[in-house]
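The values are calculated or read from the model by the stated rules, or taken from the named source; none is laboratory data. In this text, all values refer to a predicted model and were calculated from it rather than measured experimentally. Positions of Cβ are backbone-derived with ideal geometry, glycine not excepted, and every protein chain shown enters the neighbour counts.
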Amino acid sequence: MGLHTPLYDAHIEQGGKMVDFGGWDMPINYGSQIEEHHQVRRDAGMFDVSHMTIVDLTGERVKDFLRKLLANNVDRLKESGKALYSCMLNEQGGVIDDLIVYYMHDSWFRMVVNAATREKDLAWINKQAGAFDVNVNVRDDLAMIAAQGPHARDKVHQVLGAEAKALDGIGIFFMRETGQLAVARTGYTGEDGYEIMIPAAEAKSYWDKFLHAGIKPCGLGARDTLRLEAGMNLYGTDMDESTSPLESGLGWTIGWEPAERDFIGRKALEAQKAAGQNKKLVGLLLEGKGVLRNHQKVVIDGLGEGEITSGSFSPTLGKAIAFARVPGEASDHCQVDMRGKLMAAKIVKPPFVRQGKACV
């Protein structure tokens with residue numbers, strides 16, 4: 001038996017098919033992954049993301065600590081509630097995890113890290129925090145529900161009633177507190193919506209209210225095809241400690257300036273950048289029929305080979321799509337080895353879909 005979120009009983013009641021995910025028993029779907037995918041693209045769906053780890057970092061030197069810990073630069077966070085996406089690197093420039101950090105005020109930041117990397121992340125964070133006298137508080141008292149889709153925010157507002165007033169004018173990648181909730185306009189689907197942090201004891205009550213408002217439960221299967229269409233990496237699949245952000249399509253998350261900010265992994269990234277990019281992460285669109293799968297070999301004439309890191313069928317496009325790590329000079333076209341047969345694919349720049357519209 002795996003770990004259970006506060007919403008485990010709700011998943012069972014609603015027919016969730018439970019699977020192991022990073023040591024947690026989580027719903028892969030509630031009947032039809034395809035229908036759940038379309039529910040989010042066309043209306044509103046919700047995901048239990050309480051298995052992710054919420055960490056509050058406090059102390060007078062917490063900003064200095066995060067300048068060192070993260071590849072992106074928290075100095076960009078000027079307004080309370082503003083969020084930043086970043087990688088946390090090892091000394092070799094490999095990705096320990098990708099995460100979101102929220103600036104609450106100068107001595108308090110909130111971080112959300114991945115479920116499957118919880119123990120190693122917390123060990124690394126605590127190891128680095130000692131020199132800065134930062135308090136690391138894991139918020140296991142909080143659950144989190146992601147409501148996503150073109151109508152998700154309106155339906156959440158209906159449930160919150162007068163408390164929704166605090167969310168008026170909230171920008172993308174901002175968090176605001178209202179009542180007992182912390183509501184962030186973030187997500188992992190390529191659709192608008194909220195990620196809502198809730199006292200664990202109240203999670204089931206809010207889940208039921210959202211369900212009554214027409215926000216349908218969705219499982220990890222739909223979450224995976226949605227994030228792939230949206231061009232969003234999955235840790236442990238598209239990047240890990242053996243790959244750098246430069247090799248993972250995440251060069252945009254590196255805060256190179258100011259040059260004197262010596263974040264962990266910087267020297268290794270600078271050396272890699274100076275040597276030239278041997279590998280890069282790209283999008284693939286299969287030109288014929290079939291489904292692209294993780295670990296299939298990618299062949300680029302005259303340049304060598306690569307490998308699919310994430311592959312699936314895109315319900316929105318009706319075609320197979322993938323991320324692949326390929327030689328740095330690859331462009332335009334390639335072939336994918338599908339059971340010994342080379343199939344033509346187009347190299348594209350993700351995202352494949354954004355806010356329900358095709359981008360490729």
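Among the residues of segment 198-232, what is the count of those that are touching a Lys or Arg at 6+ places or on another chain (Cβ under 9 Å), surrounded by 24 or more Cβ atoms within 10 Å (Cβ to Cβ) and closer than 23 Å to THR117 by Cα?
2
Out of the residues in segment 290-329 that are of a type in the set (D, E, K, R) and under 26 Å from HIS38 (Cβ atoms), state the one that is surrounded by the most Cβ atoms within 10 Å (Cβ to Cβ). Please lay out each step first, then the result.
Of segment 290-329, the ones of a type in the set (D, E, K, R) are 293, 297, 301, 305, 307, 319, 325, 329.
Adding the requirement that they be under 26 Å from HIS38 (Cβ atoms) leaves 293, 319.
Details: ARG293: 16, LYS319: 19.
That would be LYS319.
Given the options ARG325, ARG293, name the one that is under 21 Å from the mean Cα position of the chain (by Cα) and either among the β-branched types (Val, Ile, Thr) or assigned to a strand (DSSP E or B) (or both). So that I can check it myself, show each step before the final result.
Details: ARG293 fails: either among the β-branched types (Val, Ile, Thr) or assigned to a strand (DSSP E or B) (or both).
Unique residue meeting the criteria: ARG325.
Name the residue, out of THR178, THR186, that is closer than 27 Å to TYR8 by Cβ and free of Cβ contacts under 8 Å to residues at least 24 places away in the same chain.
Numbers: THR186 fails: free of Cβ contacts under 8 Å to residues at least 24 places away in the same chain.
From the options THR178, THR186, the qualifying one is THR178.
Could you tell me whether segment 306-324 includes any residue that is of a type in the set (A, V, I, L, M, F, W, C), in contact (Cβ under 8 Å) with a residue 40 or more places away in the chain, under 20 Å from SER248 (Cα atoms) and touching a His at 6+ places or on another chain (Cβ under 9 Å)?
So far as segment 306-324 goes, no, none of its residues is of a type in the set (A, V, I, L, M, F, W, C), in contact (Cβ under 8 Å) with a residue 40 or more places away in the chain, under 20 Å from SER248 (Cα atoms) and touching a His at 6+ places or on another chain (Cβ under 9 Å).
Of ASP98, ASP121, which residue is at pLDDT 95 or above and in contact with a Cys (Cβ under 7 Å, 6 or more places away or on another chain)?
Details: ASP121 fails: in contact with a Cys (Cβ under 7 Å, 6 or more places away or on another chain).
Exactly one of ASP98, ASP121 is at pLDDT 95 or above and in contact with a Cys (Cβ under 7 Å, 6 or more places away or on another chain), namely ASP98.
Looking only at segment 225-237, how many residues end up being touching a helix residue (DSSP H, G or I) at 6+ places or on another chain (Cβ under 9 Å) and either without any contact (Cβ under 8 Å) to a residue 40 or more places away in the chain or not β-branched (Val, Ile, Thr) (or both)?
Number of matching residues: 5.
Kindly evaluate LEU160 against the criterion of being buried (at least 18 other Cβ atoms within 10 Å of the Cβ), at pLDDT 95 or above and more than 24 Å from the chain's Cα centre (by Cα).
Working: buried (at least 18 other Cβ atoms within 10 Å of the Cβ): yes; at pLDDT 95 or above: yes; more than 24 Å from the chain's Cα centre (by Cα): yes.
For LEU160, the condition - buried (at least 18 other Cβ atoms within 10 Å of the Cβ), at pLDDT 95 or above and more than 24 Å from the chain's Cα centre (by Cα) - is met.
How about segment 69-111: which of its residues are outside any strand (DSSP E or B), touching a residue at least 60 places away in the same chain (Cβ under 8 Å) and surrounded by 16 or more Cβ atoms within 10 Å (Cβ to Cβ)?
LEU69, ALA71, ASN72, ASN73, GLY81, GLY93, GLY94
Exactly one of these conditions fails for PRO27: (1) part of a loop (DSSP other than H, G, I, E, B); (2) in the same structural domain as ASP192 (by TED's automatic domain parsing). Give me its number.
Here PRO27 meets the rest and fails (1).
What do you reckon, is THR243 farther than 29 Å from GLY169 by Cβ, assigned to a loop (DSSP other than H, G, I, E, B), touching a strand residue (DSSP E or B) at 6+ places or on another chain (Cβ under 7 Å) and hydroxyl-bearing (Ser, Thr, Tyr)?
In short, yes.
Filter segment 164-212 for residues that are over 15 Å from the mean Cα position of the chain (by Cα) and among the basic types (Lys, Arg); which is farthest from ASN233 (Cα to Cα)?
Top of the filtered list is LYS165.
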